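J.: Below: one structure in structure tokens.
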Amino acid sequence: MADNKATDSSDMSSQSASPSPAKPPFWNDPDKRALIFQVVLLAGLFLLFAFLFNNTLSNLDKRGINTGFGFLSNTAGFGISQTLIAYDETSSFGRTFLVGLTNTLLVAALAIVAATLLGFLVGVGRLSKNWLLSKVTLVYIETFRNIPLLLQIVFWYMAIIPLLPMPRNSHSLAEAFFLNRRGLEMPAPVTEAGFNLTLWAVAAAILAIIGLKRWAKIRQDKTGQIFPVFWTSVAILIGLPLLVFLLTGRPLHWDLPALKGFNFNGGLTIIPELAALWLALTIYTAAFIAEIVRSGIQSVIKGQIEAAASLGLRPRRTLQLVVIPQAMRVIIPQLTSQYLNIVKNSSLAVAIAYPDLVAVFAGTTLNQTGQAVEIIFMTMLVYLSISLLISLFMNWYNRRMALIER
Amino acid sequence: MAIITQNASPDLPPPSSDIGLKGWLKQNLFSNALNSAITIMLLIALLAMLIPLVRWAFIDADWLGTTREDCTSGGACWVFVSVHFNQFMYGLYPATEYWRINLAGFILVLTLLALMIRGVPGKKYITLFALLIFPIIVFYLFAGGRFGLEPVETSLWGGLSLTLVLAIVGIVASLPLGILLALGRRSDMPIVRAVCVAFIEIWRGVPLITVLFMASVMLPLFLPEGMNFDKLIRALVGIVLFQSAYMAEVIRGGLQAIPKGQYEAAQALGLSYWQSMYKVILPQALKLVIPGIVNTFISLFKDTTLVMIIGLFDLLGIIQAAFSNPDWLGYSIEGYAFAALVFWIFCFGMSRYSQSVERKLNTGY
């Protein structure tokens, strides 16, 4: 009894000491466990990075490579086959970075425009009621998206371009365009004094179109009358600059390419590397864009079109006001990720020595300087910033386009 | 005086221009002026392309022979492919040891068939075998050096077998990493989430070729002196890190598709986090994302060609090496056509498979 009582009382006392249920040990408390886990994770990551950093420093030291970005101001001493900005062999390594970057952006921009056009055409063709057209586009899509892009790039560059004639026997069009295995020669526009006015006229035309659109919307809200904005815009965009161009005395002439000896002089040259990369990127990505366009258009359910018809909208207005806006909501996010893919895939240029960022900077410059860490870091940073910019745009667009439900 | 018939007179047959071949042509190819114009233009373009192509690839082609002198008829020289066929499949692997690669390929095909055909019992164990034991078997078969097998250096691996090794190791090794990253990205712990988001977004934001450059140039710098991998392992490290980020996003899609009630039910049963993931959430989520995984596998399979740039001889690399050989100079189109055909068969087959799985999983609503 006494024993029992003693235990009872001791139990009582322990309970009165802690009236709330006994606290679990800290390793069973979810909050504390999460905290500990995260601290351990951070410490582990820190140790990993310290380990890598330390190794890198000692390895670089042993190979006698200086760390830092000082090498960027040293003289490069090698030529680059296509430069959009002033560059020669006496320029610095920093300049090679800019040359590579502009070349990457050039081929990416060209491929984005061409792949979008081709992709939309093929995607719409896929939905055509014409059996032959729909099957031909299907074969196109299934063929080109299932063959590696790199294979397509080297195919155009190493197998097809060598089949073209030498410069002396070029295929020519109107004695202004010449196609040969050294590239495509085109007339180059040369501007004269006063051409700036035409450019200003383009800017003015764009402003005028924005104003016109606002005015047309206000008028339609008030009176219900529809103003033909599209055709008026086209007329303004072409007419105004053309008028200024003619009034200022046509301050532009064309520099025609001409055969001198074994090569062409003057004009504008698309180098074969650019042509192959552009062609392959366009054909490959257009196959993906076509599928995106097809699924986007098919995602607009039939009821929407029937509803528009029963409201009395004509087919063209239905397309413009009902189908395209809803299809674009599906298409644009996937389209931007394809654009991002084009930018990243343009780095395959290195396989055919098109002087893009990876080939020039992470290739030649890296080999000449040995500054692997800095150069790879800068290269990755460029691609990361581009993809960050594109994903920022995507988020903004998704917010704007999000369905506002009841 | 009305004439009343009990039986309706039979329907007239549709006009002959609306049925049969004629009707089909009218409906599908020549329904209006624009369609007719498109049809005729496409037909002309197709004939202009296909006739020379068929002549080159089949009618005028040379199929038999052993040297380039056997290619005389002016069409495609498939002799180039048949002479190098073993090289394209096995790389520079010693010919007496081909059976090891064949055996590995045979086990792979058997395992895949067992996994894909419905009604085969014990899928769980087959999956475990495919993910855990099979890679070990393949490693010893390929590399040798144990069990009385002659060691074969990785620099001799090449061709289609190397392409398959890169793609399969890339996908299998990135699966567990991708699961962890996907779970981490959906975690409540802010630091874990931040680390996972940063890892995923960094790898997804850069092109694979810079990752491969990094793996081949910078990895030796990162590691302590004396610790060095060969080129193949370095490329694999890069591919796996890169691929795990994409895998994580695919799996995250599956995790998000699982209704919240499943998570809550698992908690209500008293399962711990890992128990509920392992027993309740992941089995459902992973099943949902099989098509997504196959799609990432297709893009990885195509991306393995990039290892050519850092000097490994995958299928594309070995074909390029073959037609750079002075004896066979100038047969690049045949080589590329063969590579394209092989890649196309694999990728198209896998995409069809993923579509059929998608249809099977799509229970309708």
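The values are calculated or read from the model by the stated rules, or taken from the named source; none is laboratory data. For clarity, every value in this text was computed on a predicted model and none was experimentally measured. Cβ: placed from backbone, ideal geometry, glycine included. Neighbour counts: every protein chain shown.
J.: Going residue by residue through the range A:332-353, is there one that turns out to be more than 21 Å from the chain's Cα centre (by Cα) and either surrounded by fewer than 22 Cβ atoms within 10 Å (Cβ to Cβ) or over 16 Å from residue B:218 (Cα atoms) (or both)? So that I can check it myself, show each step before the final result.
T.: Going residue by residue through the range A:332-353, those that are more than 21 Å from the chain's Cα centre (by Cα) are none.
Within the range A:332-353, none of the residues are more than 21 Å from the chain's Cα centre (by Cα) and either surrounded by fewer than 22 Cβ atoms within 10 Å (Cβ to Cβ) or over 16 Å from residue B:218 (Cα atoms) (or both).
J.: Would you check if there is a residue in the range A:25-45 being surrounded by 17 or more Cβ atoms within 10 Å (Cβ to Cβ) and either closer than 30 Å to residue A:286 by Cβ or under 25 Å from the mean Cα position of the chain (by Cα) (or both)? Steps first, please.
T.: Within the range A:25-45, the subset surrounded by 17 or more Cβ atoms within 10 Å (Cβ to Cβ) is A:38.
Subset that is either closer than 30 Å to residue A:286 by Cβ or under 25 Å from the mean Cα position of the chain (by Cα) (or both): none.
Looking through the range A:25-45, none of the residues is surrounded by 17 or more Cβ atoms within 10 Å (Cβ to Cβ) and either closer than 30 Å to residue A:286 by Cβ or under 25 Å from the mean Cα position of the chain (by Cα) (or both).
J.: Which numbered condition in (1) within 10 Å of another protein chain (Cβ to nearest Cβ); (2) closer than 17 Å to residue A:108 by Cα; (3) surrounded by fewer than 20 Cβ atoms within 10 Å (Cβ to Cβ) is the only one that residue A:383 fails?
T.: In the conditions (1) within 10 Å of another protein chain (Cβ to nearest Cβ); (2) closer than 17 Å to residue A:108 by Cα; (3) surrounded by fewer than 20 Cβ atoms within 10 Å (Cβ to Cβ), residue A:383 misses (3) alone.
J.: Output the residue which, of all residues in the range A:258-270 that are of a type outside the set (Lys, Arg) and more than 32 Å from the chain's Cα centre (by Cα), is surrounded by the most Cβ atoms within 10 Å (Cβ to Cβ). Even if it seems obvious, please write down each step before you answer.
T.: Taking the range A:258-270 as the starting set, the residues that turn out to be of a type outside the set (Lys, Arg) are A:258-259, A:261-270.
With the extra rule that they be more than 32 Å from the chain's Cα centre (by Cα), the set shrinks to A:258-259, A:261-265.
Values: A:258: 12, A:259: 15, A:261: 8, A:262: 9, A:263: 14, A:264: 19, A:265: 12.
Within the range A:258-270, the match that is surrounded by the most Cβ atoms within 10 Å (Cβ to Cβ) is A:264.
J.: Quick one: in the range A:55-82, which of the residues that are in contact (Cβ under 8 Å) with a residue 40 or more places away in the chain, in a helix (DSSP H, G or I) and within 14 Å of another protein chain (Cβ to nearest Cβ) is surrounded by the fewest Cβ atoms within 10 Å (Cβ to Cβ)?
T.: A:63
J.: Across the range B:180-191, what is the number of residues that are surrounded by fewer than 21 Cβ atoms within 10 Å (Cβ to Cβ) and either β-branched (Val, Ile, Thr) or under 18 Å from residue B:239 (Cβ atoms) (or both)?
T.: Summing the residues that are surrounded by fewer than 21 Cβ atoms within 10 Å (Cβ to Cβ) and either β-branched (Val, Ile, Thr) or under 18 Å from residue B:239 (Cβ atoms) (or both) in the range B:180-191 gives 2.
J.: Got a number for residues in the range B:315-338 being more than 10 Å from every other protein chain (Cβ to nearest Cβ) and acidic (Asp, Glu)?
T.: 1
J.: Can you confirm whether residue A:93 is farther than 21 Å from residue A:343 by Cα, among the aromatic types (Phe, Trp, Tyr) and surrounded by fewer than 12 Cβ atoms within 10 Å (Cβ to Cβ)? Spell out the reasoning first.
T.: Values: farther than 21 Å from residue A:343 by Cα: yes; among the aromatic types (Phe, Trp, Tyr): yes; surrounded by fewer than 12 Cβ atoms within 10 Å (Cβ to Cβ): no.
Spelling it out, it is not the case that residue A:93 is farther than 21 Å from residue A:343 by Cα, among the aromatic types (Phe, Trp, Tyr) and surrounded by fewer than 12 Cβ atoms within 10 Å (Cβ to Cβ).
J.: Pick out the one residue from B:357, B:342, B:307 that is farther than 16 Å from residue A:150 by Cβ and either in a helix (DSSP H, G or I) or among the acidic types (Asp, Glu) (or both). Before the answer, list the steps.
T.: Numbers: B:342 fails: farther than 16 Å from residue A:150 by Cβ; B:307 fails: farther than 16 Å from residue A:150 by Cβ.
One residue alone meets the criteria, B:357.
J.: Also, I was wondering about something else. Specify the residue that is farthest from the other protein chains (Cβ to nearest Cβ); the eligible residues are those in the range A:325-379 that are farther than 21 Å from residue A:85 by Cα and charged (D, E, K, R).
T.: Among those that are farther than 21 Å from residue A:85 by Cα and charged (D, E, K, R), it is A:329.
J.: Continuing with the same structure: Within the range A:34-79, which residues are more than 30 Å from residue B:272 (Cβ to Cβ), of a type in the set (A, V, I, L, M) and in contact with an Asp or Glu (Cβ under 9 Å, 6 or more places away or on another chain)?
T.: If the condition is that a residue be more than 30 Å from residue B:272 (Cβ to Cβ), of a type in the set (A, V, I, L, M) and in contact with an Asp or Glu (Cβ under 9 Å, 6 or more places away or on another chain), then A:72, A:76 are the ones that fit.
J.: What tally of residues in the range A:368-406 results from selecting those that are modelled with pLDDT of 85 or more and of a type in the set (Gly, Ala, Ser)?
T.: The qualifying residues number 2.
J.: Out of (1) within 14 Å of another protein chain (Cβ to nearest Cβ); (2) farther than 30 Å from residue B:336 by Cβ, what's the single condition that is false for residue B:160?
T.: (2)
J.: Restricting attention to the range B:317-334, and to residues there that are in contact (Cβ under 8 Å) with a residue 60 or more places away in the chain and not charged (D, E, K, R), which single residue is farthest from residue A:147 (Cα to Cα)? If you could, list the steps in order and put the result at the bottom.
T.: Here is the first cut: in the range B:317-334, the residues in contact (Cβ under 8 Å) with a residue 60 or more places away in the chain are B:317-319, B:322-323, B:327-328, B:331, B:333-334.
From the residues that got through so far, the ones that are not charged (D, E, K, R) too are B:317-319, B:322-323, B:328, B:331, B:333.
On the way: B:317: 15, B:318: 17, B:319: 15, B:322: 20, B:323: 20, B:328: 24, B:331: 19, B:333: 15 Å.
That would be B:328.
J.: Search the range B:313-353 for residues being within 25 Å of residue B:236 (Cα to Cα) and among the hydroxyl-bearing types (Ser, Thr, Tyr), and hand back the single one that is nearest to the chain's Cα centre (by Cα).
T.: B:351
J.: Looking for whichever is in contact (Cβ under 8 Å) with a residue 24 or more places away in the chain and of a type in the set (Gly, Ala, Ser) here; the options are B:57, B:45. Which one fits? It would help to see each step written out before you state the result.
T.: On the way: B:45 fails: in contact (Cβ under 8 Å) with a residue 24 or more places away in the chain.
From the options B:57, B:45, the qualifying one is B:57.
J.: Return the residues of the range B:1-31 that are among the polar types (S, T, N, Q), surrounded by 10 or more Cβ atoms within 10 Å (Cβ to Cβ) and either within 14 Å of chain A (Cβ to nearest Cβ) or in a loop (DSSP other than H, G, I, E, B) (or both); say none if nothing qualifies.
T.: As a first pass, look at the range B:1-31 and keep what is among the polar types (S, T, N, Q): B:5-7, B:9, B:16-17, B:27-28, B:31.
Among the residues that remain, those that are also surrounded by 10 or more Cβ atoms within 10 Å (Cβ to Cβ) are: B:17, B:27-28, B:31.
Listed by number, the residues that qualify are B:27, B:28, B:31.
J.: Just wondering, is there one or more residues in the range A:355-362 that are within 28 Å of residue A:120 (Cα to Cα) and at pLDDT 85 or above?
T.: The first filter runs over the range A:355-362 and keeps only residues within 28 Å of residue A:120 (Cα to Cα), leaving A:356.
Those still in the list that are at pLDDT 85 or above too: A:356.
Looking through the range A:355-362, at least one residue is within 28 Å of residue A:120 (Cα to Cα) and at pLDDT 85 or above.
J.: Still on this structure: If we keep just the residues of the range B:32-62 that are away from chain A (no Cβ under 14 Å), out of contact with any helix residue (DSSP H, G or I) (no Cβ under 7 Å at 6 or more places or on another chain) and not in a helix (DSSP H, G or I), which is modelled with the lowest pLDDT?
T.: Looking at the filtered set, the residue picked out is B:61.
J.: For the range B:312-331, how many residues meet the condition of being touching a helix residue (DSSP H, G or I) at 6+ places or on another chain (Cβ under 8 Å), in a helix (DSSP H, G or I) and either modelled with pLDDT under 85 or among the hydrophobic types (A, V, I, L, M, F, W, C) (or both)?
T.: As a first pass, look at the range B:312-331 and keep what is touching a helix residue (DSSP H, G or I) at 6+ places or on another chain (Cβ under 8 Å): B:312-320, B:322-323, B:327-331.
This time we only want the ones that are in a helix (DSSP H, G or I), so: B:315-320, B:322-323, B:327-328.
Retained after the next criterion (residues that are either modelled with pLDDT under 85 or among the hydrophobic types (A, V, I, L, M, F, W, C) (or both)): B:315-316, B:318-319, B:322-323, B:327-328.
Count: 8.
J.: Out of the strands (runs of 3 or more DSSP E) lying entirely within the range A:118-197, which hold 3 or more residues that are away from chain B (no Cβ under 14 Å), of a type outside the set (Val, Ile, Thr) and buried (at least 16 other Cβ atoms within 10 Å of the Cβ)?
T.: Working: elements: A:171-173, A:177-180, A:183-186, A:188-191.
It comes to A:177-180, A:183-186.
Matching residues to (1) surrounded by 16 or more Cβ atoms within 10 Å (Cβ to Cβ); (2) at pLDDT 85 or above; (3) not in a helix (DSSP H, G or I):
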residue	(1), (2), (3)
B:74	no, no, yes
B:80	yes, no, no
B:83	yes, no, no
B:88	yes, yes, no
B:96	no, no, no
B:102	no, yes, no
B:110	no, yes, no
B:119	no, no, yes
B:131	no, no, no
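J.: Next question, about the same structure. Please return the ranges of strands (runs of 3 or more DSSP E) entirely within the range A:212-270 where 1 or more residues are touching a Gly at 6+ places or on another chain (Cβ under 8 Å).
T.: Values: elements: A:252-255, A:258-260, A:263-265, A:268-270.
Answer list for the range A:212-270: A:252-255, A:258-260, A:268-270.
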